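The values are calculated or read from the model by the stated rules, or taken from the named source; none is laboratory data. Here the structure is a predicted model, which is why all the values come from computation and not from measurement. So basically every Cβ, Gly included, is an ideal-geometry build from the backbone, and we count neighbours across all protein chains shown.
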Amino acid sequence: MSFTSLVVRALPTSVENVLRRLLGRPPHFVELSGEKPAEWYDRAFEEADDYSAHYTRSPYYISWTVIVDRIRRAKVKSVLEVACGPGQLACALRDVGLLERYCGFDFSEKRVAAARTACPEFAFEVADAFTTPLFNTVPYDAVLATEFLEHVTDDLQVLKRIRAGTRFIGTVPNYPYVSHVRHFLDEASVRERYAPFFHEFTVSSIVRDLQGHVLFLIEGVKRESVSSA
């Protein structure tokens, strides 16, 4: 990250725009970190080859193989996937033949269109995690959320929407990114934020790459009520 990016990220929007003009840079040259709209993810999908690659060539493939194994061991038969993206994890689940039902949703129309093409055997919807009725209308005994919780400010509100008794499997990172609202330094910090929502809660670390990026895999069974959240 450049010195300019570091400075601009700390400024109010009005000051930020003035600084960009003084520096002779267009408004999109320096992008602030934080929660992004659906259009941002549509654009990112078009610009990054990783999203259109076969799931075995994705940098997230290692974590997906662990998730597939967890689904197998828990004998999960129906899944609701939050922020399913272009359907790469869905394709991995389809190929091992573990599920009887799957529904994935994402608020990026372009990613959902790609998922429907890549995995026509499964159902995909354009929906917002904060407002969609899918949490109440779709049958599922597990919810997946990889590369989602760190991207939204109100992540805990989404977890509250999951039906009690449902198994949850998700990932969160140890590294910052322009669309990350937060990241976690260690397993203890992940446990502090998410453990109150679940019984049988576990956190494990998965090395994502040689640059020191780690994904924390979280799993648990949703509690009936969360008094501390």
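Residue count for the stretch 31-82 satisfying the condition of being assigned to a helix (DSSP H, G or I), under 18 Å from the mean Cα position of the chain (by Cα) and basic (Lys, Arg): 2. Comparison of Ala92, Ala114, Ala123, Ala83 shows that the only residue that is surrounded by 20 or more Cβ atoms within 10 Å (Cβ to Cβ), over 16 Å from Ala44 (Cβ atoms) and assigned by TED's automatic domain parsing to the domain that holds Arg167 is Ala92. Each residue in the stretch 36-66 was checked for being under 18 Å from Ser179 (Cα atoms), exposed (fewer than 15 other Cβ atoms within 10 Å of the Cβ) and in the same structural domain as Arg182 (by TED's automatic domain parsing), and 1 of them qualify. Restricting the stretch 192-229 to residues that are among the polar types (S, T, N, Q) and in a loop (DSSP other than H, G, I, E, B), the residue that is modelled with the highest pLDDT is Gln211. Looking across Ile162, Ile206, Ile169, one residue alone is within 23 Å of Leu93 (Cβ to Cβ), out of contact with any Leu (no Cβ under 8 Å at 6 or more places or on another chain) and in the same structural domain as Ser63 (by TED's automatic domain parsing). It is Ile162.
Taking the stretch 83-102 only, how many residues are within 17 Å of the chain's Cα centre (by Cα) and at positive phi? Within the stretch 83-102, residues that are within 17 Å of the chain's Cα centre (by Cα) and at positive phi number 3. Considering the stretch 89-191, the qualifying helices (runs of 4 or more DSSP H), each wholly inside and each with 3 or more residues that are in contact (Cβ under 8 Å) with a residue 60 or more places away in the chain, out of contact with any Cys (no Cβ under 8 Å at 6 or more places or on another chain) and hydrophobic (A, V, I, L, M, F, W, C), run over 155-160.
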